[in-house]
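Comments concern the structure below.
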Amino acid sequence: MDPAVKYTLIKKEKHTGARLGLLETPHGTFETPMFMPVGTEATVKNMSPEDLEKIGASIILSNTYHLWLRPGEDIVKEAGGLHKFMNWNKGILTDSGGFQVFSLAKTRDITEAGVHFRNHLNGRREFLSPEKAIQIENDLGPDIMMSLDECPPFFESYDYIKDSVERTSRWAERGLRAHRNPDWQALFGIVQGAGFEDLRKQSAQDLVSMDFPGYSIGGLSVGESKEEMNHVLDFTAPFLPENKPRYLMGVGSADSLIDGVIRGIDMFDCVLPTRIARNGTCMTTKGRLVVKNAKYARDFRPLDENCDCYVCRNYSRAYIRHLINANELFGTHLTSYHNLYFLLKLMADVRQSIRDDNLLEFREHVFEEYGFNKK
Ligand SMILES: CNc1nc2c(CC[C@H]3O[C@@H](OC)[C@@H]4OC(C)(C)O[C@@H]43)c3nc(N)[nH]c(=O)c3cc2[nH]1
């Protein structure tokens, strides 16, 4: 049986662990490394599918936890699945809801069977098991789905993390067995283990022995330093097979994306670009720009003078500042559009620098120009 997604390693960058690849899915073949815009509630906030298409988005995210609770996966299934429901014909990936239960839900209780928690919308008691998460993702119909895992706090004790890793591996096994559509939906395993090299190795080996079509590295971007995250990636990525995609969950600033690519990561997601856009903060090639600041009231330059996106070609800082301050929705549409374009363009430049074997020079340029080297 053909796997639902097929990863082809095209080229390794000469001086780093970066890889240029192709990810074939039932909804298209896409280049990696890639950034995936997040559309938690079946929409990338403030963006239409045609705008997402225009800026080059390939795979977007939605979320099991949110869509299960509202509107209900049964409604999405009746609509013909997520692609039809949200009119998006390229790739869709859903997270399993594990992270949301641990970060959103009030009181929760983890047992071998699954996790009991209170629905953050109506306070009702809910239960999410590995089998239930897979059933929801099968019904939602994304091209790529995640196993139910526990994303533990990074600074937990070794014993806690060891127990959690072993349960996450047992949950992954149960999810594989419950998966109804392995020929057109690819289920990824999620590697945990916090900052412990032996536990990351154990988690990766457990999952690789189950032969998933792709692997996520979870439990990161949860408050640890960028140095700690990079250190974990240094020793975790090599435990994963070269011929399968690697997805680093929840990472999306320019510096972290580049440093993840250098360590062999192929796929990234983060709410950052659209989240900060909603309060008027923009990513630019000269660092962050908070466009609602008074100093931009008469600044008729584009958000970013090095950006060729639709927003930067047609609107000024002064106009966007006015819209944001007037709570005009078009304002956050423009900042969201630009921020997503900025990260998707950055990944296109990263892919080019892998082709040209000059990713480290590109990293230097970005860190210098975009202000990441400022101590
Ligand atoms: C921000 N840092 C971060 N996010 C993480 C995620 C969730 C990623 C999902 O949560 C949302 O970002 C908060 C995104 O929007 C939706 C669509 C909900 O999906 C994305 C994780 N998910 C799982 N299952 N396991 C993990 O170990 C894990 C680690 C993460 N670290």
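Odds and ends about this structure:
- Whichever aspartates and glutamates have a C-alpha closer than 12 Å to that of K132, once near sequence neighbours (fewer than 8 apart) are set aside: E73
- Along the axis of the charge dipole computed for the chain (Cβ charges of +1 for Lys and Arg, -1 for Asp and Glu, origin at the Cα centre), the listed residues N119, L82, F330 are led at the positive end by F330.
- Dividing the summed helix terms, -39500 (n - 2.57) for each DSSP H run of n ≥ 4, by the number of residues in the chain produces a 222 nm estimate of -12000 deg cm²/dmol to the nearest 500.
- Gyration tensor (alpha-carbon) shape descriptor, region 118-157, a/c threshold 1.5: oblate
- Set of lysines near K54 by C-alpha distance (under 29 Å), chain-local residues within fewer than 8 positions excluded: K6, K11, K12, K45, K77, K84, K90, K244, K286, K292, K345
- About the centre of its Cα atoms, region 302-375 shows a dipole size close to 280 debye [charges on the beta carbon of Lys, Arg (+1) and Asp, Glu (-1) only; nearest 20 debye].
- Residue among V290, A318, F300 farthest towards the positive dipole end of region 274-340, charges placed on Cβ: V290
- For region 29-146, the dipole from Cβ point charges (+1 on Lys and Arg, -1 on Asp and Glu) about the Cα centre works out to 440 debye, to the nearest 20.
- GNM flexibility winner over the chain from N89, N122, N314 (Cα, springs under 10 Å): N122
- Amide hydrogen neighbours beyond the local backbone of T284, cut-off 5 Å, H modeled: L289
- Euclidean distance between Cα centres, region 14-70 to region 188-236, Å: 21 Å
- Prolate/oblate/rounded call for region 117-197, Cα gyration tensor, a/c under 1.5 rounded: oblate
- Evaluated with a Cβ-only charge set (Lys, Arg +1; Asp, Glu -1), the chain carries a dipole of roughly 1180 debye about its Cα centre, given to the nearest 20.
Read the figures in this text as sums done on the coordinates, not as results from a lab. Owing to the predicted nature of the structure, the values given are computational and were not obtained by experimental measurement. As a convention, Cβ positions derive from the backbone with ideal geometry for all residues, glycine included, and neighbour counts pool all protein chains shown.
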